[in-house]
Amino acid sequence: MKLTREHGVMAIVAAVLIGGAVWVARHTEWADEKITEPPKPEVLRDPDHRLKQLLTRLGANVVAPENLDQLPPLAATLVLSSWNWNLFTEREPALRRWVEAGGTLVVPNFGFTRDGFDWVPVKARVDKKPAASAAIASSASQPAAPTKPHAEDDEEDEDADDEVAKPLPRKLGVQPLRCPGVNEPDGVAPAFGFARGYATCMYLGGALVASVLPLWALDGPRGHVIVRVPLGRGSVTACSVDLPTGYVDLLDHDNALIAAAALQVRPGREVWIVRGEARPPLLAFLWQRGAPAVGLFAAALAFALWRGARRFGPRIAALPLARRSMAEQIRGTAGFIAQRGSPALHTAQSRALQEAATPRIQGFDAMPIGERADAIAALTGLDATALAHAMNPALAATLNRHPPAALALIETARRRLLNGARNAAPGSEPR
């Protein structure tokens, strides 16, 4: 085979690629890196999501009400994480009676939510200079902190060293890696059959002090971190700061074992988790509690608005103006007299005369009958004496005291007032 120029170029390129690969292999190092996946949306929405999953897998029945309006059964465990659970005054005595009757109460953040728990024989003690968990060394091989140049700073360091407790001893193979662990102290019944230590990074700056002999406890460098005390026939489990169960903390170290021990999880046991005091919106609450009253109020309000709204026209079509015939007038008057009697006709005509005279004569309503007759006679040209006699209410007392002439005179006066006629002849009134 004949070597060509192309063969030489290909050989050079291959040599460069091989040399580059050898150089990369010698100057690089492959290492495995653990990448933590971000929490799922349901975990971000509910900090107790993974705790509920753990309890369910352990056989417990989890109930998560929105508030503490209703207490759980006596055989259940109540995990009370709500900051304003005692918003209503009747809550505290009801909760105490429930515990004393045999309920199991767990308060995950007893060190901060002591309001309403004065009846629990546990007190929280927070040190003046609490040390963070990460500041405690996990082994004696760690280098000492550099000294400060000032004497005052040295004295502060010595005080801080006295307050910072030493790491807990290793028990049953539990290694306090980066964080100090917690142990079940002597004298209490262990949660899982034998005393042991738990690896955890929960905050250990505070401690709890029980005034009675505890049933179970976990001790940190400063004292009880979690303690369970008897109260009546029930018990209260208090945690100094917070149980390491929120969001993703439950899966770190031995936090799941600590949660199971604090909550006394058993197959078939009911666990209530109350974290807040959620309430439905005001309108929804009113509809749930008083739907009939709300519906009636809405109907009354709609009717009132409809009645007071501006209208585009009359409610009914206006009837055409027309003059009644003499026959209709006679039939109407006869029907009125037949139904109500002639005294009612006299009363009706007197009222019609008053309605016509009131807007035309000033102070007409306050005048006696004689003055009314004089005022009307002055406007209509009628005889005042005859008009006063016709307007006398005594004519309506019996059927024999109101001659037709009196009714005709009242009607004549009314029509003349309406037409504005003066000094008209008695027979010239309109019909």
Considering residues that are under 23 Å from the mean Cα position of the chain (by Cα) and either closer than 18 Å to Trp85 by Cβ or among the small types (Gly, Ala, Ser) (or both), the number found within region 35-68 is 8
Among the residues of region 104-111, is any surrounded by fewer than 13 Cβ atoms within 10 Å (Cβ to Cβ) and either in the same structural domain as Asp249 (by TED's automatic domain parsing) or at pLDDT 85 or above (or both)? no
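Answer with yes or no whether Phe88 is of a type in the set (A, V, I, L, M, F, W, C), part of a loop (DSSP other than H, G, I, E, B) and without any contact (Cβ under 8 Å) to a residue 12 or more places away in the chain. Explain how you work it out, then say what you get.
Working: of a type in the set (A, V, I, L, M, F, W, C): yes; part of a loop (DSSP other than H, G, I, E, B): yes; without any contact (Cβ under 8 Å) to a residue 12 or more places away in the chain: yes.
Considered against the rule, which asks whether it is of a type in the set (A, V, I, L, M, F, W, C), part of a loop (DSSP other than H, G, I, E, B) and without any contact (Cβ under 8 Å) to a residue 12 or more places away in the chain, Phe88 comes out as yes.
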Anything in region 30-45 that is surrounded by 10 or more Cβ atoms within 10 Å (Cβ to Cβ), part of a loop (DSSP other than H, G, I, E, B) and either aromatic (Phe, Trp, Tyr) or touching a residue at least 60 places away in the same chain (Cβ under 8 Å) (or both)? List them, or say none. Pro39
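Which ones in region 230-239 are surrounded by fewer than 21 Cβ atoms within 10 Å (Cβ to Cβ) and in contact (Cβ under 8 Å) with a residue 60 or more places away in the chain? So that I can check it myself, show each step before the final result.
Taking region 230-239 and keeping what is surrounded by fewer than 21 Cβ atoms within 10 Å (Cβ to Cβ), we get 230-235.
Once the filter is applied, which keeps residues that are surrounded by fewer than 21 Cβ atoms within 10 Å (Cβ to Cβ) and in contact (Cβ under 8 Å) with a residue 60 or more places away in the chain, region 230-239 yields Leu231, Gly232, Arg233, Gly234, Ser235.
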Residue tally, condition crowded, with 23+ Cβ neighbours inside 10 Å and among the hydrophobic types (A, V, I, L, M, F, W, C), over region 240-258: 2
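Residue under question is Leu387, and the condition is that it be at pLDDT below 85 and part of a helix (DSSP H, G or I); does it hold? Even if it seems obvious, please write down each step before you answer.
Details: at pLDDT below 85: no; part of a helix (DSSP H, G or I): yes.
Considered against the rule, which asks whether it is at pLDDT below 85 and part of a helix (DSSP H, G or I), Leu387 comes out as no.
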From Leu54, Leu68, Leu78, grab the single residue that is surrounded by 10 or more Cβ atoms within 10 Å (Cβ to Cβ) and assigned to a loop (DSSP other than H, G, I, E, B). Leu68
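The values are calculated or read from the model by the stated rules, or taken from the named source; none is laboratory data. Because the structure is a prediction, the values reported are computed rather than measured. In this analysis, Cβ positions are derived from the backbone assuming ideal geometry, glycine residues included, and neighbour counts consider all displayed protein chains.
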